[in-house]
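**Q** Structure incoming, see below.
Throughout, read-outs are computed from the coordinates displayed, never taken from laboratory work. Just so it is clear, the structure is predicted and the values come from calculations on it, not from any experiment. Positions of Cβ are generated from backbone atoms using ideal geometry, with glycine treated the same way; all protein chains shown enter the neighbour counts.
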Amino acid sequence: MKVLNSYDSVKKKGGVGMRGQYYTSGQFAKKANVTIRTVRFYDKQGILKPSKVSESGYRLYTDEDFGRLQKILSLKYLGFSLEEIMAMTINDDSEDIAHSLELQKDLIRKRILHLQMMEKTLEDTAQMLEQSGKVDWNDILNLIHITNMEHAIVEQYKNAVNLNVRIALHQRFSHNPVPWFTWLADQIALKDGYRVLETGCGNGELWCHRSQIPDICLYLTDISSGMVEDAMKRLREERMPAAFSKKIQFGTEDCQKFSFPDQAFDTVIANHVLFYVKNLPQALKEVRRVLKTGGTFYCSTYGKNHMKEITSMVQEFDSRITLSEVALYELFGLENGEGMLREQFEEVELRMYEDYLLVDEAEPLLDYILSCHGNQSEILNQRQLEFKAFLQKKIEEHGAIKITKMAGMFVCRKKSE
């Protein structure tokens with residue numbers, strides 16, 4: 001079969017080569033229904049080179065090149081980057097292509113979710129503007145951060161797995177001989193006959209640390225049904241006294257809109273919960289509404305230096321890592337919580353818990369970091385062994401890593417209706 005190198009021959013009737021018919025750039029672009037500029041762009045990027053260059057310097061393409069172009073255009077439509085397309089066109093292995101398609105489907109699902117969150121943020125922002133009548137860009141930015149964080153939190157707290165990991169680190173390496181939950185339980189004054197509500201009960205850990213439990217009616221609630229199920233299981237495993245167990249009620253509740261009637265409880269408890277609430281002023285109004293006159297609201301949180309060494313270490317390893325979408329203590333923390341609470345409660349007292357961690361094992365520290373609701377899992381996905389070795393080296397250099405704890409509880413009393 002004769003190969004025609006003459007551009008004039010090709011232009012007039014197309015050339016014939018070892019791979020079949022040759023097409024000029026214009027003919028090739030017309031056949032693929034794209035512009036010549038597109039063909040030249042892919043040539044320049046090295047994604048689709050011509051099969052032949054004529055003696056006159058004209059770039060010639062074959063039907064096989066056309067097949068490659070169809071693949072490139074399909075992958076471009078599906079959202080792949082030029083770098084990804086280049087890799088996928090070089091390697092035609094079906095398993096690799098299938099894996100890439102699965103990754104792209106996951107990326108598209110994330111984009112859809114992001115668009116849905118953007119829509120929700122727009123709706124919430126419009127509602128905020130309607131209620132306040134003014135534009136506060138700091139509030140709007142916080143709203144955007146919280147909305148973006150909500151999905152991660154929902155995933156985090158489908159059940160108690162991640163929460164248990166974090167609790168375990170504190171239980172194993174805390175310096176204070178009185179554990180956090182024991183200290184917390186001791187701060188909460190309860191009497192026989194009290195009706196008690198815990199919002200954001202998590203796995204029910206708080207109720208496993210009281211030496212004595214008076215004859216109370218206890219309502220354990222969480223916005224996550226998975227958490228509520230884990231709390232039920234946990235308290236059954238702890239073999240709570242039968243008489244007390246019968247007086248525990250479990251339910252899924254949003255603290256921004258409780259289903260309970262006015263003045264239903266003597267005590268309301270929120271342990272490390274309020275900084276996750278989107279509309280905190282509304283939640284505090286709801287707490288006051290369901291609290292009896294003379295009742296007490298116990299809410300714990302932490303300050304800006306809490307676990308600061310962990311943040312420093314992960315960012316030293318990779319500055320892109322963020323363990324939380326927002327600084328939660330800025331939303332409700334030890335530094336600003338009192339002012340927020342005094343808008344609803346006549347008396348507010350802060351009680352501090354003195355403690356620090358001394359961690360001498362890399363594995364539980366790694367587990368703790370991976371359990372957070374930032375971007376660390378994505379960044380450390382392929383580097384976990386490297387990061388664990390980094391943590392181990394830190395421990396070996398100092399014998400143990402000392403980690404600051406800065407936590408406490410606000411005790412709020414409702415004096416009047």
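**Q** Report the per residue volume, in Å³, of the convex hull enclosing the C-alpha atoms of the stretch 357-412.
**A** Output value, Cα hull per residue: 92 Å³.
**Q** Another one. Two decimals is fine: what is log10 I(q)/I(0) at q = 0.12, 0.17, 0.23, 0.26 Å⁻¹ for the stretch 244-314, from a Debye sum with one equal scatterer on every Cα and no solvent?
**A** Each listed q corresponds, in turn, to -0.44, -0.74, -1.09, -1.28.
**Q** So who's got an amide H within less than 5 Å of the one on Y22, skipping anything under 5 residues away but keeping other chains? H placed 1.01 Å off N, in plane.
**A** Distant-sequence amide H within range of Y22: G15, V16, G17.
**Q** Non-local amide H neighbours of K52 (under 5 Å, H modeled in plane, Pro and chain starts lacking H): which ones?
**A** Those qualifying (amide H under 5 Å, at least 5 residues apart or on another chain) are L60.
**Q** Under 15 Å from the Cβ of P177, count the other residues' Cβ atoms, weight Lys and Arg +1, Asp and Glu -1, and hand me the total.
**A** Summing Lys and Arg as +1 and Asp and Glu as -1 gives -1.
**Q** At q = 0.13, 0.14, 0.22 Å⁻¹, what log₁₀ I(q)/I(0) does a Debye calculation on the Cα points of the stretch 258-366 give, no solvent, two decimals?
**A** Summing over Cα pairs of the stretch 258-366 leads to -0.62, -0.69, -1.24.
**Q** Calculate, in whole percent, how much of the Cα-Cα pair population of the stretch 320-391 lies beyond 16 Å.
**A** Result: 65 percent of Cα pairs exceed 16 Å.
**Q** What does the net charge come to around L334 if you take all other residues with beta carbon closer than 15 Å to its beta carbon, with K and R at +1 and D and E at -1?
**A** My count for the surroundings of L334 gives -1.
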